[in-house]
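Written out below as structure tokens is the structure these notes cover.
The values are calculated or read from the model by the stated rules, or taken from the named source; none is laboratory data. Small disclaimer: the values here were computed from a predicted structure and weren't measured. No Cβ is skipped: glycine too gets one built from the backbone with ideal geometry, and neighbour counts run over all protein chains shown.
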Amino acid sequence: MNGLQRYLPDQRFLILLNRFIIRYDESQFNKEKIVKDAYLFCVGYFLKYQHDYENPYLKGPSNIIAVLSSALLSSNFYTIPSTISLDRILYFYKFIVEYIIWNEHEVETVFKNQELGFRKEISCEIKKSSSCKKKRL
């Protein structure tokens, strides 16, 4: 991800998601598997890098639609170099949104499980860093 540091967060998100989709597509996974795993990628990316943008008025999965739509509608989308083709993400965007809308219970469960795992991971990191500080003293 170091080469992507020059891009804005929404640009990085789209570029990484597109790379993810292309790799799955080239591996000849079926569309349903690509869409489900792309949603999981979006959730993970959102929780790790964009949780500050969470809208408290939206349910977890709706935040994914909002972030993905916002990134695609952003003026920053047009500043991504033409050498980086985002065709696959544009194609799969509608399927990801459709999956979120039509599988409300499933996507909510996935989001909550990922969020819980992420929060546990952060609390473990905080505990480790605080125990390291105590050892130094």
Notebook entry, point to check: Out of all the residues in the stretch 38-58, is one or more modelled with pLDDT of 95 or more and more than 16 Å from Leu14 (Cα to Cα)?
Noted result: no
Note to self: Among (1) under 16 Å from Glu106 (Cα atoms); (2) in contact with a Leu (Cβ under 8 Å, 6 or more places away or on another chain), there is one condition Lys36 misses while meeting the rest; what is its number?
What the structure shows: (2)
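Would you be able to say whether some residue in the stretch 122-134 is within 17 Å of the chain's Cα centre (by Cα) and either surrounded by 10 or more Cβ atoms within 10 Å (Cβ to Cβ) or at positive phi (or both)? Before the answer, list the steps.
Residues of the stretch 122-134 that are within 17 Å of the chain's Cα centre (by Cα), as a first pass: none.
Checked against the condition, which is being within 17 Å of the chain's Cα centre (by Cα) and either surrounded by 10 or more Cβ atoms within 10 Å (Cβ to Cβ) or at positive phi (or both), the stretch 122-134 yields no hits at all.
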Note to self: Can you tell me which of (1) of a type in the set (Gly, Ala, Ser); (2) touching a residue at least 24 places away in the same chain (Cβ under 8 Å); (3) surrounded by 15 or more Cβ atoms within 10 Å (Cβ to Cβ) is the one Gly44 doesn't meet?
What the structure shows: (3)
Check: In the stretch 13-30, which residues are under 17 Å from Leu86 (Cα atoms), surrounded by fewer than 19 Cβ atoms within 10 Å (Cβ to Cβ) and either charged (D, E, K, R) or free of Cβ contacts under 8 Å to residues at least 24 places away in the same chain (or both)?
Finding: Arg19, Arg23, Asp25, Glu26
Next item on the list: Go through (1) touching a Leu at 6+ places or on another chain (Cβ under 9 Å); (2) modelled with pLDDT under 90; (3) over 21 Å from Phe118 (Cβ atoms) one by one and return the number of the condition Asp10 breaks.
Entry: (3)
Note to self: Please verify whether Asn76 is among the polar types (S, T, N, Q) and out of contact with any helix residue (DSSP H, G or I) (no Cβ under 6 Å at 6 or more places or on another chain), treating the condition exactly as stated.
What the structure shows: no
Next item on the list: Test each condition in (1) out of contact with any helix residue (DSSP H, G or I) (no Cβ under 6 Å at 6 or more places or on another chain); (2) farther than 25 Å from Leu8 by Cβ; (3) not in a loop (DSSP other than H, G, I, E, B) for Gln28 and report the one that comes out false.
Entry: (3)
Notebook entry, point to check: Which residue out of Lys112, Lys120, Lys94 is closer than 20 Å to Tyr24 by Cβ and modelled with pLDDT of 85 or more?
Noted result: Lys94
Notebook entry, point to check: Can you tell me which residues in the stretch 10-62 are touching an Asp or Glu at 6+ places or on another chain (Cβ under 9 Å) and of a type in the set (Gly, Ala, Ser)?
Noted result: Gly60
Checklist line | the stretch 52-92, residues that are exposed (fewer than 12 other Cβ atoms within 10 Å of the Cβ) and either part of a helix (DSSP H, G or I) or of a type in the set (D, E, K, R) (or both) | finding: Asp52, Leu73, Ser75, Tyr78, Thr79, Asp87
